[in-house]
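The structure appears below as structure tokens.
The values are calculated or read from the model by the stated rules, or taken from the named source; none is laboratory data. Just so you know, these numbers come straight off a predicted model, no measurement behind them. Glycine gets a Cβ as well: all are built from the backbone with ideal geometry, and neighbour counts include every protein chain shown.
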Amino acid sequence: MSPPPPITPSAELSPQLATVGWAVLDAAGLREVAGGLGPRSTATAGGPWAAWSRLWDDLPPDRYLRDGGRYRRRRHGSFVVDGGECSSVPHRAHWQPVEYNALHGGIERWFEPLPADLLTDPAWARLLCAGAGIAAMLRGPARWFVEAHMFRIDTADGIGRPTPEGAHRDGVDLVAVILVGRRSVKGGETRVFDARGPQGVRFTLEQPWSALLLDDERVIHETTPIQPADASAAGAGCRDTLVLTYRRGAFQGPQLVPQAAPQESST
């Protein structure tokens, strides 16, 4: 059985990332890092983010899966965080080099944009800015190019693969994997390995709005497939996540050139 995640107190986040290159915040810790996002009571474990969960019910299918699966739905958006200000950029393709994603790298993947209800919520910009603050712990102050991915992995066909590309890096500075929720599934174990050696940890994120934070230069990560918790139960189970990536200099693209100034403000 997979162990629970080792939780890092928010006050110890910086030394934890500096030492091992990864950390897990529980929902209260993520709220504390994001700042001003509601009380720490169990009744409001998701803070203002809990209302976002319904948005995962309206994700279109991922048309780019190369393993023939139909288990992934997603949306995508891009932002720039600079000096505490968060701005959206015109909708763009998601692109990764094959060195980081052997399965889906080297192609422009155009996903449907993030929903307006998410982008207009002031808590959204605060969350992205909080991630930029964590990225700055690793690399120092910078202009951060942020990609946000809403994922739903389901078990409608019996199995769903959160990371069909296997253990990987993303080619960025910081990766934040936030668990929005999981329903009627088993599996989905998170595995994090030192990119330079055999050291690693494994655990299963269970608490909504808990977050795995990764120094992408130092560690590789994967999540094992999910299956229905009860094969006889009607309906598919699912695992919903919000993945945020932070990169200095530019978004990843076929040609890495400095990006134009942001066009729209989300603050």
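Details
- Odd one out for Ile159 among (1) at pLDDT below 95; (2) in contact with a helix residue (DSSP H, G or I) (Cβ under 7 Å, 6 or more places away or on another chain): (2)
- When residues in segment 69-91 are screened for being under 18 Å from the mean Cα position of the chain (by Cα) and either farther than 26 Å from Gly188 by Cα or in a loop (DSSP other than H, G, I, E, B) (or both), 7 of them pass.
- Of the numbered criteria (1) in contact with a helix residue (DSSP H, G or I) (Cβ under 9 Å, 6 or more places away or on another chain); (2) loosely packed, with under 15 Cβ neighbours inside 10 Å, the one Glu108 fails is (1).
- Filtered residues of segment 146-161 (kept if surrounded by fewer than 19 Cβ atoms within 10 Å (Cβ to Cβ), in contact with a Pro (Cβ under 9 Å, 6 or more places away or on another chain) and of a type in the set (Gly, Ala, Ser)): Gly158
- Residue in segment 166-189 that is more than 30 Å from Val81 (Cα to Cα), crowded, with 20+ Cβ neighbours inside 10 Å and not β-branched (Val, Ile, Thr) present: yes
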